[in-house]
Amino acid sequence: MSTFTAIGEDREIDQEEFTPGVEPQATWCPGCGDFGVLKALKGAMPEVGRTPDETLLVTGIGCSGKLSSYFESYGFHSIHGRALPVARAAKLANPGLEVIAAGGDGDGYGIGGNHFMHTARENHDMTYIVFNNEIFGLTKGQTSPTSPKGHESKTQPHGSAKDPVRPMSLSLASGASYVARTAAVNPRQAQEILVEAIQHDGFAHIDFLTQCPTWNKDAKEYVPYTDIQDSDEFDLDTGDRREAAETMYEAESRLYEGEVLTGRFYHDPDRPSYGEEKRAQGDVPEEPVAERYFEDGEWERTADRLIDRHT
Amino acid sequence: MTDQTLMWRIAGGSGDGIDSTSQNFAKALMRSGLNVFTHRHYPSRIRGGHTYVEVRASNEPVRSRGDGFNFLLALGDSFARSEQDGAYYGNEKVKPLTESLADLNEGGVVLYDTGFFEEADIAEIRLEERAEENGWHVYPMDLRGLAREHGREVMRNTAGVGAAAALLGQDTGYFEELVREAMSGEVMEANLTILEMAYEQASEFEFSHDLRVPTGGHDTDQALMSGSNAIAYAALDSGCRFIAGYPMTPWTDVFTIMSQNLSEFGGVAEQVEDEIAAASLAIGASHAGVKSMSGSSGGGFALMSEPLGLAEMTETPLVLVEAMRAGPSTGMPTKTEQADLEHVLYTSQGDSNRVVFAPGNLEEAYEQTRTAFQVAYDYQIPAILLYDQKLGGEMRNVDVDFFDREPDPSLGATLTEEEISEAAHHESGKFERYRHDPDDGVSPRSVPGQTGGRFLASGNEHNAVGHISEDPDNRKAQMDRRVRKLERVRAELDDSEHSHQTHHGPADADLGMLVWGSQQDTVFEAVDRLNAAGHEVKALGVSDMLPYPETEVRGFLESVRECVVVEMNATGQFRGLTQKELGQYGEKLASLLKYDGEAFEPGEVVEGFESSIDGGQPAAGNMRFVPAAGD
């Protein structure tokens with residue numbers, strides 16, 4: 001019998017279970033794209049069959065970081081940029097958990113860029129949602145890593161001289177095994193992609209376009225959007241790394257030309273997750289490490305195993 | 001004691017196998033019944049650069065490096081740079097000989113490799129003349145040639161050990177035993193031959209020295225290990241099954257030992273992208289219900305500042321170890337110092353809320369690492385073990401029985417599902433993980449995956465279920481509760497049967513020395529010598545940095561007229577902490593400081609103390625005396 005009875009529980013799940021009674025309403029601005037992420041995530045959970053008690057949502061800092069306040073599950077509202085290292089260790093400690101990390105574009109592609117690269121490289125079995133609104137919102141409208149070149153703000157008064165980060169290209173090059181882009185304005189696609197990402201056994205990265213009507217673009221500016229899977233222009237084999245790279249590059253460039261391209265860009269279902277790799281080489285035990293602490297059993301002693309080599 | 005003490009130094013270059021040879025030498029002496037203690041000196045360089053290890057051995061307990069040394073085995077630096085006009089590093093090739101001779105005691109023995117040091121080198125450093133002046137006994141031997149003839153050149157270390165054994169009147173039995181245990185086949189045979197040949201060849205010298213390996217005997221089985229071993233083993237015995245880290249000297253030793261053993265112990269070791277990630281992973285694993293640790297040295301620990309604060313705020317149990325080296329910045333990577341005390345006590349934004357222990361020796365390192373885990377999980381507070389390059393790297397023999405302990409896998413204040421079902425919940429169904437009311441400040445936690453335990457952990461100020469709240473009353477209640485935990489830790493440590501503080505010397509002495517961390521046993525040896533020389537001095541070794549052991553230190557300071565605080569930093573950080581915590585004694589506390597990268601020798605402490613009584617600066621070494629206020 002599992003010590004964590006919530007894990008693997010098989011029952012009907014109502015998406016309303018994911019609305020926290022203690023804080024049912026979000027503080028996001030009217031028209032904010034973040035509502036779209038919350039709704040899509042709530043919608044996806046019953047579909048993937050995971051309950052609030054077996055889900056750990058780790059968030060960063062910023063408007064996006066508050067997702068864990070408005071989504072009922074075990075939550076960890078961590079530090080700016082550090083959601084991924086917290087989340088991936090929890091997954092290693094207890095692989096039965098459904099681990100989801102979320103944060104903004106500054107959080108994931110700026111201050112936490114190093115963790116993003118390495119978590120993708122390691123291919124942990126988890127989902128990472130990046131709220132990409134091309135701006136620092138909560139701190140009131142500064143230029144962010146995905147703001148377009150030339151973006152003017154109080155901290156970039158002469159316009160940013162930097163090219164924006166290419167989130168999907170970075171993700172692919174780093175080793176993510178599922179890469180998609182969706183948009184808050186397209187709730188049906190967003191939920192489908194979230195379901196796929198959560199079900200994917202590896203690092204699934206979603207660049208989620210979330211409009212910031214207060215400091216940047218409003219919803220209208222993400223319409224019309226094109227789903228590359230439905231478009232005649234693209235005939236992408238999402239298992240082909242080269243094709244994926246080219247299509248991502250196009251999508252990332254065209255976003256700044258006013259064309260919103262979304263959909264699945266890369267999917268490698270065969271690459272083993274980090275946990276699988278580690279278990280296969282005997283680096284991590286088969287049983288979740290966290291379970292041992294709640295069960296009776298012998299614990300190894302250095303006196304029995306290590307002291308002899310020093311005598 | 002000095003007369004019966006062997007202080008043997010093996011000197012060569014990095015990459016010449018100096019460290020492993022010295023460990024074998026120390027182990028052989030330990031097996032022969034002696035107490036041993038090693039002191040390592042090495043440069044921040046993969047190959048080449050003067051490296052040495054001293055092995056102090058005696059039939060009496062040895063708990064410190066000695067004053068200088070009395071036997072030099074000079075092998076030479078195989079990876080030395082060529083001497084060039086204008087280059088500041090001079091003739092690196094001869095440094096294992098020249099730099100070591102500067103510290104060799106009068107009447108000492110020099111065994112050097114003529115296969116490496118040529119006649120011109122020896123003439124250049126005036127070895128013959130200096131030997132005459134200092135009463136050294138010099139034995140040149142072609143160790144390299146011997147190794148080459150019977151095996152390979154790298155086996156010259158074995159030849160050196162064989163020759164040293166002969167000169168010291170030690171038979172080679174224990175050395176042979178170690179070769180047989182570690183090697184096999186042709187390599188073993190070649191080493192055994194070289195050991196024997198070198199022994200025989202050195203026996204042919206006409207010995208002019210009296211120094212011999214003392215004889216001794218142990219009543220109990222002994223183990224030779226480092227402070228880093230003790231820290232890692234305590235973590236494993238505490239049920240720690242997760243470590244994340246990034247390499248940095250000298251913390252790497254603990255990280256390596258844990259990484260090599262954790263999978264065997266059913267745990268997980270992660271080498272990650274940086275120290276921010278390392279501390280954050282330890283938090284993530286601990287949050288998910290696994291006893292976890294991370295660590296680094298000063299620079300890496302600086303990156304852990306923000307996660308450390310997150311652990312304080314979310315009350316995630318966490319153990320960090322910090323292995324100090326000489327700073328600031330990259331400083332001197334392989335040299336010891338005690339200058340990160342203030343860094344570790346106060347880093348991270350907001351009021352700090354953590355426990356910090358600085359063990360004084362190997363046994364204390366083990367005990368206090370265990371206490372760190374216990375406190376961290378019982379009180380949901382970060383506990384930091386602060387040590388340094390010296391304590392981490394020095395090796396000593398210790399009773400095997402010392403490690404015969406019960407493991408402690410307790411997660412402390414963590415509930416089972418059954419307990420959660422009976423615990424208080426908000427009407428929305430969320431578990432009240434951060435209640436205001438616990439007397440001891442500890443509000444028990446649940447772990448993700450447990451039915452009915454949902455809560456939000458947040459680095460923002462939060463209410464009972466963890467949701468973000470900036471309500472002033474809630475803020476005050478939560479701050480008060482978190483601060484209360486530290487006071488409870490203080491009470492628990494004060495009530496403990498085994499204080500982390502160690503008294504040494506006659507209780508009625510009216511002069512005192514305060515010491516913290518790794519310099520403790522060196523100071524205690526100095527105290528013994530000072531009392532033998534007619535002074536009346538006692539010392540207190542302090543390990544609890546936070547919560548500070550007010551009562552014990554106050555009692556000690558009240559009992560002495562004057563007190564010298566001995567520490568390895570330039571600004572007297574522990575003296576400052578003591579004055580801050582006790583709010584007085586500025587007129588009683590003087591400082592004896594050293595910050596040149598080399599740990600105190602007991603003789604230096606003696607000299608520093610004696611000159612301080614006269615109000616003067618110590619003449620020897622790079623020590624600095626800072627008088628008490630008003631003096």
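The values are calculated or read from the model by the stated rules, or taken from the named source; none is laboratory data. None of the values given here were measured: they were computed from a predicted structure. Reconstructed Cβ throughout: ideal geometry from the backbone, glycine too, with neighbour counts over all protein chains shown. What goes into the accessible areas is simple: the full protein's heavy atoms, side chains included, and nothing from ligands, DNA or RNA. Shrake-Rupley method; radii C 1.70, N 1.55, O 1.52, S 1.80 Å.
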TODO: Filter region B:140-154 down to the residues that are hydrophobic (A, V, I, L, M, F, W, C) and within 19 Å of B:LEU97 (Cα to Cα), then identify the one that is modelled with the lowest pLDDT.
DONE: B:VAL154
Task: Every pair of residues 6+ apart whose Cβ atoms lie under 8 Å, when the first sits in region A:53-70 and is within 8 Å of another protein chain (Cβ to nearest Cβ) while the second is surrounded by fewer than 24 Cβ atoms within 10 Å (Cβ to Cβ) and aromatic (Phe, Trp, Tyr) - done: A:LYS66/A:TRP28
Open item on the list: So in region B:261-271, with the set limited to residues that are among the hydrophobic types (A, V, I, L, M, F, W, C) and facing chain A (nearest Cβ under 7 Å), which one is surrounded by the most Cβ atoms within 10 Å (Cβ to Cβ)?
Closed with: B:VAL268
Task: For B:ARG126: the one exception among (1) of a type outside the set (S, T, N, Q); (2) crowded, with 20+ Cβ neighbours inside 10 Å; (3) at positive phi - done: (2)
TODO: From the list B:ARG144, B:ARG156, B:ARG152, B:ARG180, pick out the single residue that is within 21 Å of B:PHE205 (Cβ to Cβ) and open to solvent by 50 Å² or more (accessible area, probe 1.4 Å).
DONE: B:ARG144
Open item on the list: For A:ARG264, only one of the following conditions fails: (1) basic (Lys, Arg); (2) closer than 19 Å to A:ILE129 by Cα; (3) surrounded by fewer than 16 Cβ atoms within 10 Å (Cβ to Cβ). What is its number?
Closed with: (3)
Task: Count - residues of region B:599-628 that are in contact (Cβ under 8 Å) with a residue 40 or more places away in the chain and open to solvent by 60 Å² or more (accessible area, probe 1.4 Å) - done: 3
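One line per residue, one yes/no per condition, for (1) under 21 Å from the mean Cα position of the chain (by Cα); (2) open to solvent by less than 10 Å² (accessible area, probe 1.4 Å):
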site: B:ALA11; (1), (2): no, yes
site: B:GLY17; (1), (2): no, no
site: B:THR21; (1), (2): yes, no
site: B:PHE25; (1), (2): yes, yes
site: B:THR38; (1), (2): yes, yes
site: B:SER44; (1), (2): yes, no
site: B:ARG47; (1), (2): no, no
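Residues in region B:138-147: is at least one among the acidic types (Asp, Glu) and touching a residue at least 24 places away in the same chain (Cβ under 8 Å)?
Applying the first criterion (among the acidic types (Asp, Glu)) to region B:138-147 yields B:142.
Those left that are additionally touching a residue at least 24 places away in the same chain (Cβ under 8 Å): B:142.
Checked against the condition, which is being among the acidic types (Asp, Glu) and touching a residue at least 24 places away in the same chain (Cβ under 8 Å), region B:138-147 yields at least one hit.
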Task: Selected residue (only one of B:SER228, B:SER203 is within 30 Å of B:TRP251 (Cβ to Cβ) and modelled with pLDDT of 95 or more) - done: B:SER228
Task: Odd one out for A:PHE203 among (1) open to solvent by 10 Å² or more (accessible area, probe 1.4 Å); (2) aromatic (Phe, Trp, Tyr); (3) touching a helix residue (DSSP H, G or I) at 6+ places or on another chain (Cβ under 6 Å) - done: (1)
Task: Of all residues making up region A:1-40, the number that are small (Gly, Ala, Ser) and at the interface with another protein chain (Cβ under 9 Å from one of its Cβ atoms) - done: 3
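In region B:497-523, which residue that is among the hydrophobic types (A, V, I, L, M, F, W, C) and more than 17 Å from the chain's Cα centre (by Cα) is surrounded by the most Cβ atoms within 10 Å (Cβ to Cβ)? Working first, answer last.
Kept after step one, since they are among the hydrophobic types (A, V, I, L, M, F, W, C), are these residues of region B:497-523: B:507, B:509, B:511, B:513-516, B:523.
Next cut, more than 17 Å from the chain's Cα centre (by Cα) only: B:507, B:509, B:511, B:513-514.
Values: B:ALA507: 7, B:ALA509: 19, B:LEU511: 20, B:MET513: 31, B:LEU514: 24.
Here the answer is B:MET513.
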TODO: Being more than 7 Å from chain A (Cβ to nearest Cβ), among the charged types (D, E, K, R) and more than 27 Å from A:THR3 (Cβ to Cβ) is the filter here, so list the residues in region B:272-307 that pass it.
DONE: B:GLU275
TODO: Give, as residue ranges, the strands (runs of 3 or more DSSP E) completely inside region A:166-261 that count at least 2 residues that are of a type in the set (A, V, I, L, M, F, W, C) and without any contact (Cβ under 8 Å) to a residue 12 or more places away in the chain.
DONE: none
- [ ] Filter region A:267-290 down to residues that are open to solvent by 60 Å² or more (accessible area, probe 1.4 Å) and under 30 Å from A:THR226 (Cβ atoms) and give me whichever is nearest to the other protein chains (Cβ to nearest Cβ).
- [x] A:ARG271
Task: Close pairs (9 angstrom Cβ cut-off, 6 or more residues apart or separate chains): open to solvent by 10 Å² or more (accessible area, probe 1.4 Å) in region B:363-388, of a type in the set (Phe, Trp, Tyr) anywhere - done: B:GLU363/B:PHE402; B:GLU364/B:PHE357; B:THR371/B:PHE357
TODO: Note down all Cβ pairs under 9 Å where the first residue falls in region A:283-296 and is in a loop (DSSP other than H, G, I, E, B), the second is open to solvent by less than 50 Å² (accessible area, probe 1.4 Å) and of a type in the set (Phe, Trp, Tyr), and they're at least six residues apart or on different chains.
DONE: A:PRO288/A:PHE4; A:PHE294/A:PHE4
Open item on the list: Against the condition in a strand (DSSP E or B), touching a helix residue (DSSP H, G or I) at 6+ places or on another chain (Cβ under 8 Å), of a type outside the set (Phe, Trp, Tyr) and within 13 Å of chain A (Cβ to nearest Cβ), how does B:ILE257 come out, does it pass?
Closed with: no
Open item on the list: Suppose we filter region B:88-106 for residues that are open to solvent by 30 Å² or more (accessible area, probe 1.4 Å) and without any contact (Cβ under 8 Å) to a residue 24 or more places away in the chain; how many remain?
Closed with: 3
- [ ] Look at region A:75-124 and say how many of its residues are among the aliphatic types (A, V, I, L, M) and in contact with a Lys or Arg (Cβ under 9 Å, 6 or more places away or on another chain).
- [x] 6
- [ ] Any chance you could count how many residues in region B:322-337 are within 11 Å of the chain's Cα centre (by Cα) and either closer than 24 Å to B:GLY49 by Cβ or among the β-branched types (Val, Ile, Thr) (or both)?
- [x] 5
TODO: Go through region A:86-112 and give me each residue that's open to solvent by 10 Å² or more (accessible area, probe 1.4 Å), of a type in the set (Gly, Ala, Ser) and within 10 Å of chain B (Cβ to nearest Cβ).
DONE: A:GLY96
Task: Qualifying residue in region B:246-253 (condition: assigned to a helix (DSSP H, G or I), away from chain A (no Cβ under 11 Å) and either in contact with a Phe, Trp or Tyr (Cβ under 7 Å, 6 or more places away or on another chain) or free of Cβ contacts under 8 Å to residues at least 24 places away in the same chain (or both)) - done: yes
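Looking at B:ARG405, B:ARG445, B:ARG396, B:ARG454, which is the one that is at the interface with chain A (Cβ under 7 Å from one of its Cβ atoms), at pLDDT 95 or above and either within 37 Å of the chain's Cα centre (by Cα) or closer than 30 Å to B:HIS218 by Cβ (or both)?
Working: B:ARG445 fails: at the interface with chain A (Cβ under 7 Å from one of its Cβ atoms); B:ARG396 fails: at the interface with chain A (Cβ under 7 Å from one of its Cβ atoms); B:ARG454 fails: either within 37 Å of the chain's Cα centre (by Cα) or closer than 30 Å to B:HIS218 by Cβ (or both).
The unique qualifying residue is B:ARG405.
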TODO: For region B:351-463, please list each of the strands (runs of 3 or more DSSP E) lying entirely inside it that holds at least 2 residues being within 30 Å of B:PHE524 (Cα to Cα).
DONE: B:355-357, B:382-388, B:395-399
Open item on the list: Among the residues in region B:468-481, are any within 14 Å of another protein chain (Cβ to nearest Cβ) and either open to solvent by less than 10 Å² (accessible area, probe 1.4 Å) or assigned to a helix (DSSP H, G or I) (or both)?
Closed with: yes
TODO: For region B:428-442, name all the residues that are farther than 24 Å from B:VAL290 by Cα and facing chain A (nearest Cβ under 7 Å).
DONE: B:SER428, B:GLY429
